[in-house]
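J.: Below are the structure tokens for one structure; questions will follow.
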Amino acid sequence: MKLNLKNAASFVSPITLQATMAQTAAANELLESGKGAGNDYIGWVHLPSSITDAFLNEVQAVADELRKRCEVVVVAGIGGSYLGAKAVNDALQHTFDAYQAKDRKDPYVVYAGNNIGEDYLADLMEFLRGKEFGIINISKSGTTTETALAFRLLKTMLEKQSGKAEAQKRIVAVTDAKKGALRSLATKEGYKTFVIPDNVGGRFSVLTPVGLLPIAVAGHDIKALVRGAQEMEKLTGTDVPAENNLSAQYAAIRNAIYRFGKTTEILVNFNPKLHFMAEWWKQLYGESEGKDNKGIFPASVDFTTDLHSMGQWIQEGQRTIFETVISVKNASKSVVIPSDEENLDGLNFLAGKRVDEVNKMAELGTRLAHVDGGVPNILIEIDKVDEYNIGQLIYFFERACGISGYMLGVNPFNQPGVEAYKKNMFALLNKPGYEAESKAIQARI
Ligand code: PA5
């Protein structure tokens, strides 16, 4: 992985950049020493290097059992208990996986518990009717409403459809070691379980069974994914000086740009398979940094698709944005543009080129145009979209997020603001224990 700051550094003063670069060392040290805010949630810092082959084999064995028994596996979870697995699976699987019915070797992996859409759940249950399906239920707290609600419906359906004994073999719970309703339920029902370590928060948990199990079920190589993350852990440690430390550099430049009034960062891809990597990234940075009235707003676009929707705003709208482009050096497949005798579409100038060459020129042209339009551009280059590179990218962003959060002066590992909507929702639904809130909220509506 490479990081190119040339078209971003030109937007900030060298003194500011030097200052933020220098600050990364202290912030990285704070992560390492465990003396910073939220230090009970920094188990992810050395998570990759602590993962053993034996552990990955255990995850793989449970995944293989689900793969053997199920044609569909539903992954129930939300936020950090969903986005990492979805991001990696989408990046690695065939774009039209959902439509590939014949000769499948992998089960369909679908997702639930990440919304409360009645139509979504009804459609999902229709899809699952008559199919051999299983459930991976993921919730660290074990009490999240969206996930628990979906699980109640799906568990009931599975038990009716396949019998309680078979359902028990097809349900895996990933949750806290001791606490929460999901832990009690899994113990009572005798489900296979995996533990989410106490000191790893949801949005930093993709390299625990939260992400690894659904990724293995989908047929991807979790060992290569972890290897990539392990490599990046070495490249971003406190012993690597800021000028060579990829995560420190990214944290330094985005904070320098922020100090120059650019308050929105747009993560850009030119490969639609990375759409959900950006959704994962938005949660990682949004929930970690957006507090105490501070924080860069994380947004994302898929190019060139969104050049035809958001391109105008990015080129000429309010100058409060900067872009971070994930550029993939090599496409995994090759499609060559044919020549056409009549050339009615005027595209013969592209004949013989690979589609990726066109995409690359669109990427370069867009980056330069946006820089000319006043949008600083950070460039992250990865070799290709595979397990190893995605593993690197995950840890790179996590480490940079921890560093950046400490530089901003916030606790990057809590999310107190998420509770506000839950309190109102429970009050409005008359959940026992919320009587006072119910009364207060009724007076407001
Ligand atoms: O990052 C976080 O902590 C959150 O996004 C959680 O992952 C999310 O709210 C789901 O929580 P839980 O895993 O407890 O169901």
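The values are calculated or read from the model by the stated rules, or taken from the named source; none is laboratory data. Quantities reported herein were computed from a predicted structural model and do not represent experimental measurements. Reconstructed Cβ throughout: ideal geometry from the backbone, glycine too, with neighbour counts over all protein chains shown. In case anyone asks, the SASA skips ligands and DNA or RNA and just uses the protein heavy atoms, side chains included. Shrake-Rupley method; radii C 1.70, N 1.55, O 1.52, S 1.80 Å.
J.: How many nm separate the modelled label positions at A331 and K234, each set 7 Å beyond the Cα in the direction of the Cβ?
T.: Roughly 3.3 nm, to one decimal.
J.: Sorted by packing (mean other beta-carbon atoms within 10 Å per residue), highest first, where do 289-295, 334-340, 300-306 land?
T.: Ranked from most to least packed, the peptides come out as 300-306, 289-295, 334-340.
J.: Then there is this: As I understand it, the dipole of the chain uses +1 on the Cβ of Lys and Arg and -1 on the Cβ of Asp and Glu, about the Cα centre. Which of T238, A85, I138 lies farthest toward its positive end?
T.: Working it through, the farthest residue towards the positive pole turns out to be I138.
J.: Rounded to the nearest 0.05, what FRET efficiency do K431 and K294 give with R0 = 30 Å and r taken as the Cβ-Cβ distance? Could you check?
T.: Computed FRET efficiency for K431 and K294: 0.40.
J.: Taking the Cα centre of the chain as origin, work out the dipole magnitude from +1 charges on Lys and Arg Cβ and -1 charges on Asp and Glu Cβ, in debye rounded to 20.
T.: 1260 debye
J.: Let me ask you something else. Given the options A278, L364, L344, identify the residue whose Cα lies farthest towards the positive end of the charge dipole of the range 275-407 (+1 on Cβ of Lys, Arg; -1 on Cβ of Asp, Glu).
T.: The residue sitting most towards the positive pole is A278.
J.: Counting only other residues whose beta carbon sits under 13 Å from that of T143, what net charge do I get with K and R as +1, D and E as -1?
T.: +3
J.: Continuing with this model, one more query. The range 413-436 to the range 9-69: how many Å between their Cα centroids?
T.: 30 Å
J.: Could I ask something else about it? Hey, can you grab everything whose amide H is under 5 Å from the amide H of N271? Only 5+ residues off in sequence or another chain; H modelled, so Pro and N-termini drop out.
T.: For N271, whose amide H was placed from the backbone, the distant partners under 5 Å are F303.
J.: Take the alpha carbon atoms of the range 251-297, find their radius of gyration, then divide it by 2.2 N^0.38 Å using N residues; give the quotient.
T.: Normalised by 2.2 N^0.38 Å, the Cα Rg of the range 251-297 equals 1.23.
J.: Determine how many Å³ per residue the convex hull of the Cα atoms of the chain encloses.
T.: Value for the chain: 179 Å³ per residue.
J.: Can you check what the net charge comes to around N199, using other residues whose Cβ is under 13 Å from the Cβ of N199 (Lys, Arg +1; Asp, Glu -1)?
T.: Once all neighbours under 13 Å are counted, the net charge is -2.
J.: For the range 369-445, what is one quarter of the convex hull surface built on the Cα atoms, given in nm²?
T.: 10.6 nm²
J.: Loop-only trypsin sites (Lys or Arg not before Pro) in the range 351-445, please: DSSP not H, G, I, E or B, and at most 11 other Cβ atoms within 10 Å.
T.: The qualifying sites are R444.
J.: What lysines does K2 reach when the alpha-carbon gap must be under 23 Å and sequence neighbours fewer than 8 apart in one chain are set aside?
T.: K223, K234, K273, K282, K329, K333, K360, K384
J.: Counting only residues 5 or more places away or on other chains, whose amide H sits under 5 Å from the amide H of V109 once H atoms are built in the peptide plane?
T.: V73
J.: Only helical DSSP H runs with n ≥ 4 go in: add -39500 (n - 2.57) per run for the chain, normalise by residue count and round the 222 nm mean residue ellipticity to 500 deg cm²/dmol.
T.: My calculation for the chain gives -15000 deg cm²/dmol from helical runs alone.
J.: How much net charge surrounds Q23 when only other residues with a Cβ under 13 Å from its Cβ are counted (Lys, Arg +1; Asp, Glu -1)?
T.: +1
J.: Sort W280, W313 by heavy-atom solvent-accessible area, probe 1.4 angstrom, most to least.
T.: W313, W280
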